[in-house]
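The values are calculated or read from the model by the stated rules, or taken from the named source; none is laboratory data. Source: prediction; values computed, not measured. All accessible areas refer to the heavy atoms of the entire protein, side chains included, with ligands and DNA or RNA removed. Shrake-Rupley method; radii C 1.70, N 1.55, O 1.52, S 1.80 Å.
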Amino acid sequence: EKFLAWKDGNIIFRDDPMSDVIDRLERWFNVDIYVVDDEILNYEFTAKFHDETLAQVLTLLKLSSEIEYSIEKNNQLESGAFTRTKIYLRKK
């Protein structure tokens, strides 16, 4: 179920290491996530998301662990393309 959930618009984590959570969230939301405090990589995460926004997912991470985040919005380049949104995770 966990590996096929994307077909139904779901993301499922079951005791997944934060490095895996970050990789999947980066692909799902097309963002770059940077870990400021390496201790965060020791965390494991369990959750199921369906149609939640990036802000809702980040808020849940913040409420369920000792994580704070900041968001650097994307910028438009001269070519008209946009940079990816950058998210920074740090320990509270």
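Kirkwood analysis of the chain, using all unique Cα-Cα pairs, places the hydrodynamic radius at 13.9 Å. May I ask what percent, to the nearest 5, of DSSP beta bridges between residues of the chain are antiparallel? Expressed as a percentage, antiparallel bridges in the chain total about 70.
What accessible area per residue, rounded to a whole number of Å², is obtained for the chain using a probe radius of 1.4 Å? Working shown, then result.
Values: 6030 Å² over 92 residues.
Ligands and nucleic acids excluded, the result is 66 Å² per residue.
The share of accessible area on the chain that comes from carbon and sulfur is 48 percent, using a 1.4 angstrom probe. Less than 5 angstrom separates the built amide H of Ile33 from those of Ile87, all sequence-distant by 5 or more or on a different chain.
Take the Cα radius of gyration of the range 21-67 and divide it by 2.2 N^0.38 Å, with N its residue count; two decimals is plenty. The partial results should precede the final answer.
Working: Rg = 10.6 Å, N = 47, 2.2 N^0.38 = 9.5 Å.
In units of the globular-protein estimate, the range 21-67 measures up at 1.11.
Derived scalar couplings between HN and Hα for the range 18-26 equal 4, 4, 5, 4, 4, 4, 5, 5, 4 Hz in order, rounded to whole Hz, by the Karplus curve 6.51 cos²θ - 1.76 cosθ + 1.60 (θ = phi - 60°), x for Gly and Pro.
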